[in-house]
1. Taking the stated definitions as given, is residue 57 in a helix (DSSP H, G or I), farther than 19 Å from residue 166 by Cα, assigned by TED's automatic domain parsing to the domain that holds residue 145 and touching a residue at least 60 places away in the same chain (Cβ under 8 Å)?
2. Return the total of residues in the stretch 184-214 being under 26 Å from residue 127 (Cβ atoms) and either at pLDDT 85 or above or touching a strand residue (DSSP E or B) at 6+ places or on another chain (Cβ under 6 Å) (or both).
3. Given the criteria in a helix (DSSP H, G or I) and exposed (fewer than 15 other Cβ atoms within 10 Å of the Cβ), does residue 209 qualify?
4. I'd like the full set of residues that are assigned to a helix (DSSP H, G or I) and farther than 17 Å from residue 157 by Cα, limited to the stretch 31-44.
5. Please count how many residues of the stretch 125-178 are in a loop (DSSP other than H, G, I, E, B) and under 16 Å from residue 105 (Cα atoms).
């Protein structure tokens, strides 16, 4: 029975690794959607949210990996030896993206090519999303492959550098142009948040009516 409980807990924790990676990727996507819509104010807000999520990811992944290491040691010993270690051979990964900062954007594109700067930052953030998901998948199969807390620290550096670069060389440098471009690509996550807020409001109103009736 203890073996079964350990295996179930192992699966739960492995799923938590994927959940953390998905959440980090999701908040990077929020940033790229805000930048694609040329919304500097929303980008700043999304960056603050991303930094909070990343801090949680580093803390939670450290705890989860510690518990998983103990479980895997137990589950790959004795009669069941090799059952989990066979899955740990997975090694495919994407190459870590290069840093993209304000200086790089100014070197690559002139002031007349700020549309290209925006497009490149969006593309770069999409690359980072793929990298995060690939690295997360690799760690879920092999805990020794990459340190997740260190990975998320590097992800934070990549994302913050690119976003700050866009804010500096586009949104803050050419605010009138950025405002004129805003609205062409409304961020999808805002519509989803509005939908969820509406559902929560309806549920709260229904509970309030029931409470008043009783």
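The values are calculated or read from the model by the stated rules, or taken from the named source; none is laboratory data. The structure presented is a predicted model; accordingly, all values stated were derived computationally and were not measured. Glycine gets a Cβ as well: all are built from the backbone with ideal geometry, and neighbour counts include every protein chain shown.
1. Numbers: in a helix (DSSP H, G or I): yes; farther than 19 Å from residue 166 by Cα: yes; assigned by TED's automatic domain parsing to the domain that holds residue 145: yes; touching a residue at least 60 places away in the same chain (Cβ under 8 Å): yes.
So residue 57 fits the description; yes.
2. So the answer is 9.
3. Working: in a helix (DSSP H, G or I): yes; exposed (fewer than 15 other Cβ atoms within 10 Å of the Cβ): yes.
Considered against the rule, which asks whether it is in a helix (DSSP H, G or I) and exposed (fewer than 15 other Cβ atoms within 10 Å of the Cβ), residue 209 comes out as yes.
4. 33, 34, 35, 36, 40, 41, 42
5. Result for the stretch 125-178: 3.
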